[in-house]
Amino acid sequence: MAPSISLSKTLSKASSKASSKASSKASSKSKPPSTPKAPAPSKLSSSSPAQAPSSSSSPSPSSSPSPSRSRSESTAASSVTTKTATKGAALKSLPPPKDLSHLFSIITRNRDESDIKAFYKFMQIPGISNLAGGMPNAKYFPFDTLEAQISKPDRWQPSSNYPDQIEESAPEPAPPAPTSSISGFISHINRKGKNMTKDADSHKKPSRFTIPKFVDETDPTKRIDLATALQYGQVTGYPPLLSFIKQFTNQVLYPDIPYKGGVDVILNNGSTDGFSKVLQLLVDPWYEGLHPASERQGMLCETFVFGNIITQAKPLGINIVPVEIDDQGMVAEGPGGLREVLENWDPQNGLLPHFLYTVTMGDNPTSGVVGIRRRREIYALASKFDIIIVEDDPYWYLQFPSAAAHEAKVRGYGKPQEVQSQKPAIKSGYEFIDSLARSYLSLDIDGRVIRLDTFSKTIAPGTRLGYITAQPAIIERLTRIAETGTGQPSGVVQALVAQLLLGPQSSALQKFFYLQPSKKPSFTGWKVDGWVRWLEGLRGEYERRMIRMCKTLEENAFQLNSSTPSSPDSDWNIITKTRLIDFDWPRGGMFLWVRVHFEKHPLYQAKGRRSMPTVDGPILAKAFLIHSTKAPHLVLGSPGSMFSATPKIREERGWRYVRLCFAAESDENIDAGSLRFTKAVQSFFEIQEISQIEDLIDELYS
């Protein structure tokens, strides 16, 4: 290995020198623009990813304020910059993250860097003649361009960031209010144009972009073309997209990471692939009969969890260790809580679990959002017992601040008690981002949090694109795993997303903001302002869908029964009301976790016939599943048994629940489908004959 390392160091120096010379030549040839420097299109700076952001930083070549900027705006920006710089200096004095390599699997600890993959970076040296790589020639790729028609980022109307503001109905989409000082200044410039009336509805019109086969750009973080996107590439991600995500993560989402250097990022093929790589990182496979029980590793998780997680873990022989939950999510203290599970661990069940899987925002299936106090309690226990936290948050941007107020209003409760939220130590400059519940990363003084993010819920699941955020040493090991596994995610998809978020990376960009709206190019990329605005709009859409479904279920949660008094002289009926379903209004995510009171069914615990000794809860839940799919109901929910972490939980209480999704169907079908579900429940509770239940069960297994 020694010669290989020496060669690597030599080439690294050569790469650095060549890049430096190329930059120097480019600088000497370039001429200053004839127009004044324009404000940056986003809040990302071109500094190192871990650097704290300032309100005037940008990846654009020009970031100086415009002469037309007011004195108050400049003073405010200067103040923000000073405060941010002070906090940035404080962050630099933080201790480094802990070495957690003792928690890695044996295979992970034994992995070496791929010599072939390590070679790719030297192919980026400007002007180098590449005779080393076995790559096809890009001119023979059959695709000349990649074109798409896409939405403007302000297509959907946001909802309020404040818990006490209830929106009764969805307003007509309107041009967005500025979400940052930069976007506000851009809007101020645009209003000076003469064609504002003509372009007032431009946010409703789709845009187009074209990705050419070749572009004249030597900086790999700015080059978006098919020649690079369709070629073999680095496993960490397509450079332009990876650069954007790194800076967005370190400067906007988590500028206050409490360990030195901040986090690193690697792209993957969605969260399922991400979790698969995390399992490879952390787990030594265990097989009954081949390994002693004392060596079996365990995974902590909520009592109800997305079924694919268990499916991925089970073949590795992982011991699934459920932790009790409440309306927020995982419980730290009390019966069945994390402390009780860890402090009373029986070594006969295997090793003490060394990692915890959790969905903390809009949990699938329960839709809870874990408050900051609970997070601190769980993190403290993870630190005490040396546990890695795997935070899977595909629904992080879908947090619904109005849910508690709506629930209280509909049910006649008093003012809801807010779950304590954490304010970011360094504000992002985006009210929407700062209003969201914080990730475990914001508490991660040890560097023991691995976070999974995905574009499946924010762009489209078919992109199969996501990313993992963690301390650099963990990302380095995940990179080694990817090098001999999936490799990089789809280059076509990465290029599409990069173009969507970044747009053309040309020197003409600095002049863009001085053009009147009617003279601007049809598409320039969303940038950070646009990406955040898109996320705001998505949250608003899903929040309104959630409200519609919840209101329909609230109005039809009871069964009305009429009976006649025993007295023959009575000329009136007695009306009784029985609640058949219960649920908490989702605080985030895409689901309602509905408790169906099967124990109130008239046939509950009745003696069965044929092959069914007793009509118990699990039997009724299965029969209801088939009943609901028949006309006139024609509605399908996911049975709670699918999300039970263990067979014991499935038998004891998983059958009580049905998960409903308000995301996939059209707006009209949300109302109609929700109503049909409640009618299916009511008609199911009217079944009086055991034979009908038996017929439904027979149909399930036929």
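List of remarks:
- Kirkwood Rh (inverse of mean 1/r, distinct Cα pairs), region 433-476, angstrom: 12.1
- Convex hull volume of the C-alpha atoms in region 569-702, normalised per residue: 161 Å³.
- Residues whose amide H comes within less than 5 Å of that of G317, counting only those at least five positions distant or on another chain, are W286 (H built at 1.01 Å from N in the peptide plane).
- Checked against a 28 Å cut-off, the cross-linked pairs K457/K600; K213/K427; K152/K427 give Cα-Cα distances beyond that limit for K457/K600; K213/K427.
- Kirkwood-Stokes translational diffusion coefficient of region 278-350, alpha-carbon pairs, 37 °C, 0.692 mPa s, µm²/s: 247
- Modelled label reach - S666, point 7 Å along Cα→Cβ, region 617-636 residues with backbone N closer than 18 Å: 634-636
- Extended-chain gain in nm, criterion 0.36 nm per residue less alpha-carbon gap, A473 and K98: 134.1 nm
- For W526, the residues whose modelled amide H falls within less than 5 Å of its own, excluding neighbours fewer than 5 places apart on the same chain, are L501, L502, G503.
- This model, with +1 at the C-beta of Lys and Arg and -1 at the C-beta of Asp and Glu, gives region 394-474 a dipole about its Cα centre of some 180 debye.
- From least to most packed, judged by other beta carbons within 10 angstrom and beginning with the fewest, C301, C661, C550 follow the order C661, C550, C301.
- Proximal aspartates and glutamates to K607, defined as alpha-carbon separation beneath 14 angstrom and excluding residues fewer than eight positions away on the same chain: D616, E689, E694
- Relative contact order of region 556-701, taken over Cα pairs closer than 8 Å and 6 or more residues apart, is 25 percent.
- Residue-span extension gain [D582 to D695] - 0.36 nm each, minus C-alpha spacing: 38.0 nm
- FRET efficiency, 1/(1 + (r/R0)^6) with R0 35 Å, evaluated for N137 and R208 via beta carbons: 0.75
- Peptides 492-500, 668-676 ranked from most to least packed by the mean count of surrounding Cβ atoms within 10 Å: 492-500, 668-676.
- Between K260 and I626, full extension at 0.36 nm per residue minus the direct alpha carbon distance yields a gain of 126.2 nm.
Every number here is computed from the coordinates shown, using simple stated rules; none is lab data. Bear in mind that the values here come from a model prediction, so they are computed numbers and not experimental data. All Cβ positions, even for glycine, are placed from backbone atoms using ideal geometry, and neighbour counts span all protein chains on display.
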